[in-house]
Structures are given as C-alpha cells and as structure tokens.
Amino acid sequence: MNVLNILRCPLCREMLAREGRTLRCSRGHCFDLAKEGYVNLLPPGKGKNARTGDEKDMLRARREFLAGGYYAPISDGIAALLARHLPAGETILCDSGCGEGWHTLRYTQKLAEGGFDRLLTVGFDASKYGAAAGMKNARQHGICCDIGTEADLQTYFFPGNLFSLPLADASLSAVVSMFAPVAAEENLRLLRSDGILLTAASGKEHLNEMRQLLYTDVHYTEKEPEYEGFTLADRETVRYTVLLPDPDTIRNLFMMTPFYYKTTTEGRERLYAENSLTVTVETELRVYRRSAV
Ligand SMILES: C[S@@+](CC[C@H](N)C(=O)[O-])C[C@H]1O[C@@H](n2cnc3c(N)ncnc32)[C@H](O)[C@@H]1O
Ligand SMILES: [Zn+2]
C-alpha cells in the first residue's frame, strides 16, 4: 500500500508524485514536506471555508486530557465497530477532523492487532499543529508515515479541509468523524460502494455533572442526525463515569467542549472551584452505509 495511490492534488485533483521533499502533480502544483513529514494540503483560498482549526492552547488542553486515557473507551468502541463492519482485506480509513490523531492512532493500532494487517489511515484537520503532532505520535508508535513508501501499516496526518479533501473518488473503506463536522456529500464521493461512515457524537447525558455546574437551567435538545445519501446501519452508546482528579483535568476537558464558548463567568467560577469531579461520558457511535438508489 502506498498513500500516493489515494492522495490527490488539492487544486486540480490530479495524482501526486514525490520528488525529494516535494509532492508535485502533472500540472506543476507543488507541496513541500514539512520537517515533521506532513504536507500542507490546505491551500490558501481553497481552505477559506474551513475553520482555521483550534487554537494552540485548545490543542494542548485536548492533548493533555486525552493522554490521561479518560476517553479511551470511545476509541475502543470505534475500533470494535470498524472491526465488525469493515470487509477483510486491504483497508483504507480517513479520520475527518482528527485533531492531533490521538483516537486515530489508537483505533488504527487496535485494528492492526486484531488482524487488519493491510491498513492505511489518513487523518485530516484544519489545524496544521494537529497534523504535525499526529505525525510525531505516529512515528513514536513505530507506524510508517514516510510518504511514497510501500508498507502494510501506515498512518498520515495532513492539514486539510474536510469539506474538500485531497483524496481520490471511491478510495476509502471508511470515514471516521469524531466530534467534528460531518461532510456527507464529500464522504459519499470518497467512499467505496461498500464503504461506511462512522460518527461519534455527544449523547444526551454527556458530561451532565459539568453542565449542572455551568448552567442553572440544563435542558436537552437531542435530535437524531440525518445525512443525505446515508442510511443508519448500526449504533452503539458508550457510557461510563470517570473521575477527573484535579482542577487542571477539569479545565482541560471544559476547554474541549462547546460549553467553553457559552458559559457565564459565574458558571465558569463554579466549575473552577471544584477540586475533582466525577462525570458521565456518553457518546453515540453511529455506522452509516450508502443509501440504496
Ligand atoms: C472537537 S475537535 C475533535 C478532534 C478529534 N476528532 C477528537 O475527537 O479528539 C473537532 C476538530 O475538527 C476540526 N475541524 C473543524 N472544521 C474543520 C474543517 N472544515 N476541516 C478540517 N477540520 C475541521 C477542528 O480543527 C478540530 O480539531
Ligand atoms: Zn494540481
């Protein structure tokens, strides 16, 4: 397997070839390899509609929190659902909005250990810091991430806009979207006819204890998501409680949530006054297949 078989020029969608530290398409568009080994495939202009990506301190908060393993059961659930629904043989996965790829690397390794021995994973995020950190982590895990190399287990991270990814049509076995926007139309373009879309989203009770501290009136608005062109094929709820043992961990988790942007000073102070907090984690994992036409 070779990532160049599926990567495409983000400007003209032609194939890319590696020449030294540059990727070049037949029309002459060039993309340099950064020192971390990723290539910025989020060209100016084309990336206009992508969010600029999370700020560096948000990424730091998420990195520290995830490294604590508090969300490990979520990537375990993703790996189990992928193992159940992916056809055996060569597997190509795309993590769409992967952040620093903590979950991406985890479920990729679990699949590799579980017998998926020809496995190529690509992760895209609007943040180039995310891609750089992802590549560093992949190397530390001993996973090949040298663009253009033939290898059975490979993982790459790229800055990219998930609504317009530099990948070939019908190239993917699965798109994984964890707590990120879902680009249904783009995913339909990228998935093989037997490919799946797997999403992870907050469930009704997710971080309920944190919400109760932040807001005086907690109300739920849960709506079953629908993606045009896709039909729900399987779902699973990952639900458990976890102890956040200190104020830093509480704050890091808070910074990862949408609550961070919509909390009053009083709410924030109530949360920051806690020395530890037990929270419910509830994540809905959903598997979709292409709707019959
Ligand atoms: C809440 S974070 C989740 C990150 C990771 N999937 C996880 O579960 O740890 C959402 C991510 O989506 C990314 N994102 C948002 N809009 C995007 C876009 N249009 N293209 C690429 N990434 C995007 C953000 O930069 C951010 O890293
Ligand atoms: Zn090109």
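Determine whether segment 191-214 contains at least one residue that is in a loop (DSSP other than H, G, I, E, B) and either of a type in the set (F, W, Y) or within 12 Å of ligand 1 (Cβ to nearest atom) (or both). Checked against the condition, which is being in a loop (DSSP other than H, G, I, E, B) and either of a type in the set (F, W, Y) or within 12 Å of ligand 1 (Cβ to nearest atom) (or both), segment 191-214 yields no hits at all.
Looking only at segment 236-250, count every residue that is part of a strand (DSSP E or B) and either of a type in the set (K, R) or under 18 Å from S202 (Cβ atoms) (or both) and tell me the total.
Matching residues across segment 236-250 total 8.
Among the residues of segment 161-172, at least one is away from ligand 2 (no atom under 16 Å from the Cβ) and under 20 Å from A79 (Cβ atoms).
Taking segment 165-183 on its own, how many of its residues are out of contact with any Lys or Arg (no Cβ under 8 Å at 6 or more places or on another chain) and either of a type outside the set (A, V, I, L, M, F, W, C) or buried (at least 22 other Cβ atoms within 10 Å of the Cβ) (or both)? First the steps, then the outcome.
Keep residues of segment 165-183 that are out of contact with any Lys or Arg (no Cβ under 8 Å at 6 or more places or on another chain), which gives 165, 174-183.
Narrowing the set further to residues that are either of a type outside the set (A, V, I, L, M, F, W, C) or buried (at least 22 other Cβ atoms within 10 Å of the Cβ) (or both) leaves 165, 174-178, 181.
The total comes to 7.
Under the condition of being more than 10 Å from ligand 1 (Cβ to nearest atom) and in a strand (DSSP E or B), which residue from segment 159-190 is farthest from L86 (Cα to Cα)? By that ranking, first place goes to L167.
What's the total number of residues in segment 14-40 that are part of a strand (DSSP E or B) and within 16 Å of ligand 1 (Cβ to nearest atom)?
Restricting attention to segment 14-40, the residues satisfying the condition of being part of a strand (DSSP E or B) are 15-19, 22-25, 30-33, 39.
From the residues that got through so far, the ones that are within 16 Å of ligand 1 (Cβ to nearest atom) too are 39.
Final tally of qualifying residues: 1.
So which residues in segment 260-284 are surrounded by 10 or more Cβ atoms within 10 Å (Cβ to Cβ) and among the hydroxyl-bearing types (S, T, Y)? Once the filter is applied, which keeps residues that are surrounded by 10 or more Cβ atoms within 10 Å (Cβ to Cβ) and among the hydroxyl-bearing types (S, T, Y), segment 260-284 yields Y260, T263, T264, Y272, S276, T278, T280, T283. Taking the criterion of being of a type outside the set (A, V, I, L, M, F, W, C) and within 16 Å of ligand 2 (Cβ to nearest atom), the only residue of segment 127-160 that qualifies is G160. Report, by residue number, each residue of segment 11-43 that is under 22 Å from the mean Cα position of the chain (by Cα) and either near ligand 2 (Cβ under 8 Å from one of its atoms) or on the phi > 0 side of the Ramachandran plot (or both). Result: G37, single match.
Every read-out reported here was derived from the displayed coordinates using simple, explicitly stated rules and does not represent laboratory data. Keep in mind that what you see is a predicted model, and the values were worked out from it rather than measured. As a convention, Cβ positions derive from the backbone with ideal geometry for all residues, glycine included, and neighbour counts pool all protein chains shown.
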